[in-house]
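Novice: Supplied in structure tokens, the structure appears directly below.
The values are calculated or read from the model by the stated rules, or taken from the named source; none is laboratory data. Predicted model only: the values in this text are computed from it and were never measured. Every residue, glycine among them, receives a Cβ derived from its backbone with ideal geometry; neighbour counts consider all protein chains shown. What goes into the accessible areas is simple: the full protein's heavy atoms, side chains included, and nothing from ligands, DNA or RNA. Shrake-Rupley method; radii C 1.70, N 1.55, O 1.52, S 1.80 Å.
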Amino acid sequence: RHTRFKCDWSSTCALPICDLMITGFSTTALDAMILDKPVVTINLTGLGDPIPFAESGAAIGVYRKEDIEQAIKDGLYDEAVRERLIKDREKFVFEQAYKRDGKATERIVDLIEQMVCEKRKRGDTEEK
């Protein structure tokens, strides 16, 4: 017997107020990590994880149904696990989303301007 939870909230509304995120392999796990939420990934398929959330140490990976409850408890209450998740999550988020300083658009604009300047210096003004 399976229990399903249904709500009309979007992840954008739910993630900021959750204590822990449980997912199969949604990219919203990265969103939860960006918000410094512990993540539990559940993979009962017997196949490898499609996204390396657990492999990187940024999430708790669960591969057997009987381990789900303990993973949730560890993510919520085990300080050693939570500290490891914080450290590995910071590294994973940096590798996947770079800096979280609100200046992504500024960096993109700077890069575009730099590319245009370099193109002009080479005299390559023809559009392709």
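Novice: What distance in nm lies between label points placed 7 Å from Cα along the C-beta direction at Arg82 and Thr12?
Specialist: 2.9 nm
Novice: Taking the chain as the reference, fit the longest principal axis to its C-alpha atoms, fit the long axis of helix 79-97 to the helix C-alpha atoms, and give the angle between the two in degrees, 0 to 90, nearest 10.
Specialist: Orientation of helix 79-97: about 30 degrees from the principal axis.
Novice: Using only the alpha-carbon atoms, how far is helix 68-77 inclined from the longest principal axis of the chain? Give it as 0 to 90 degrees, nearest 10.
Specialist: With both axes taken from Cα atoms, the answer is about 70 degrees.
Novice: Multiply the residue separation of Arg120 and Lys103 by 0.36 nm, subtract the distance between their alpha-carbon atoms, and state the gained length in nm to one decimal.
Specialist: Extra length available between Arg120 and Lys103 comes to 3.5 nm.
Novice: Would you calculate, for the chain, the mean residue ellipticity at 222 nm contributed by helices, counting each DSSP H stretch of 4 or more residues as -39,500 (n - 2.57) and dividing by all residues, to the nearest 500?
Specialist: Calculated mean residue ellipticity at 222 nm is -14000 deg cm²/dmol.
Novice: Continuing with the same structure: Looking at the chain as a GNM with Cα springs under 10 Å, which of Ala29, Ala58, Ala80 has the largest mean-square fluctuation?
Specialist: Taking springs between Cα atoms under 10 Å, the residue moving most is Ala80.
Novice: Related question: Heavy-atom accessible area per residue, the stretch 67-128, 1.4 Å probe: how many Å²?
Specialist: Ligands and nucleic acids excluded, the figure is 85 Å² per residue.
Novice: With a 1.4 Å probe and all protein chains left in place, how much of the accessible area of the stretch 5-125 comes from carbon and sulfur atoms, in whole percent?
Specialist: 56 percent
Novice: Over every pair of different alpha-carbon atoms in the chain, take the mean of 1/r and invert it; report that Kirkwood radius in Å.
Specialist: Kirkwood radius, the chain: 17.1 Å.
Novice: Quick one: how many Å² of Leu30 are accessible to a 1.4 Å probe, rounded to 10?
Specialist: Taking all protein chains as shown, Leu30 has close to 40 Å².
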